[in-house]
1. R0 = 22 Å: FRET efficiency of R169 with V125, Cβ-based, nearest 0.05?
2. Taking the Cβ of N109 as the center, what net charge do the other residues with Cβ under 11 Å away carry, scoring Lys and Arg +1 and Asp and Glu -1?
3. Output the peptides 39-46, 59-66 sorted from most to least packed, where packing is the average of other Cβ atoms within 10 Å over each peptide's residues.
4. Can you list the HN-Hα couplings for the range 145-162, worked out from phi with the Karplus curve (6.51, -1.76, 1.60; θ = phi - 60°), rounded to whole Hz and with x for Gly and Pro?
5. Please list 148-154, 203-209 highest first by mean number of surrounding beta-carbon atoms within 10 Å per residue.
6. Can you give the FRET efficiency for Y118 and E73, using 1/(1 + (r/R0)^6), R0 = 25 Å, r = Cβ-Cβ distance, to the nearest 0.05?
7. How would R70, R98 line up from fewest to most surrounding beta-carbon atoms within 10 angstrom?
8. For the range 27-110, just run the numbers: alpha carbon Rg, then divide by 2.2 N^0.38 Å, N being how many residues it has.
Amino acid sequence: MARIAEAISQTFRSIRPDSLADRLFGDSLDDWWQECVQGLAGSEYASPVQSAFFITTFSAMGAIAKVDGRIQESEITYAASVMDYFNLQPDYKRLAIRLFNEGKQSDFNLDAVLTRFYKSCHHRVSVLHLFVEIQLKLAFADSDLNAKEKNILQRIGKRLDISKSVLQRIEYRATNVQKSAADAKPSSRPMGLTDACAILGVSRWSKQKDIKLAYRRLMSQYHPDKLLARNSSKEQLDQATEKAQQIKNAYEMICKIKKFR
């Protein structure tokens with residue numbers, strides 16, 4: 001993860017902000033949106049709902065990260081973790097980075113993009129809530145929310161027709177998960193090789209290719225993209241997110257213990 005974050009961090013810094021702004025705001029929103037959609041052609045994000053989620057998620061992350069003046073390393077690391085979680089292939093990761101950089105420009109029209117997103121996804125409440133949760137976690141990546149971050153999150157809630165009470169519940173869940181992870185007791189029994197193998201449904205003597213196949217099969221089953229496509233509920237998305245993280249941790253532990261490359 002550290003290598004991914006560093007690579008993305010270097011890519012962020014290598015792109016000239018003025019060229020991004022010129023390309024984005026020299027054309028209409030429709031032209032820009034369509035260009036992004038074409039960049040997602042042939043991917044799991046090709047459907048109208050998925051492409052709207054992808055475009056708005058990464059551009060809004062850039063806007064929130066920059067709203068208080070300076071993008072922190074913790075925010076870049078979190079952005080990298082989201083790209084890694086969604087298992088983005090190189091071409092789509094480059095598009096996500098480009099969207100993040102465009103979103104952080106001072107003249108980026110976030111409200112217009114949110115309105116377009118809402119028109120595409122207003123009937124998919126679970127998609128809207130997942131989007132908001134990702135943005136909240138990005139805002140909390142550097143520290144507690146400051147006034148500017150609170151303001152932009154409230155704008156997002158208003159544009160997506162999410163009530164203050166619902167926004168507060170999503171915020172509670174996002175911050176509570178992070179706090180629980182940070183407060184986990186060191187004395188808790190760590191996952192062992194036997195536990196990890198049981199999670200993946202393999203034996204400790206399984207070959208590397210069989211372990212990798214089991215991992216990919218399970219990640220495909222619990223990948224949030226598949227659940228979003230099936231219009232799963234927020235609870236189902238939450239459960240799948242937790243399960244996917246457990247599967248990922250188990251696979252990484254097996255690879256580390258067995259020294260798989």
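Laboratory data are not the source of any read-out in this text; all were calculated from the coordinates shown. None of the values given here were measured: they were computed from a predicted structure. Virtual Cβ from ideal backbone geometry, glycine too; neighbours counted across all protein chains shown.
1. Details: r = 13 Å, r/R0 = 0.57.
Efficiency at R0 = 22 Å is approximately 0.95.
2. Numbers: positive: R116; negative: E102, D107, D111.
That works out to -2.
3. Numbers: 39-46: 15.9, 59-66: 25.0.
So the order, starting with the most tightly packed, is 59-66, 39-46.
4. In residue order, the calculated couplings are 5, 9, 4, 5, 5, 4, 5, 5, 5, 5, 4, 4, x, 5, 5, 9, 6, 9 Hz.
5. Values: 148-154: 16.6, 203-209: 11.3.
Going from most to least packed, we get 148-154, 203-209.
6. Numbers: r = 32 Å, r/R0 = 1.26.
So the FRET efficiency works out to roughly 0.20.
7. On the way: R70 8, R98 21.
Arranged by neighbour count, lowest to highest, R70, R98 become R70, R98.
8. Details: Rg = 12.5 Å, N = 84, 2.2 N^0.38 = 11.8 Å.
With N residues counted in the range 27-110, Rg over 2.2 N^0.38 Å equals 1.05.
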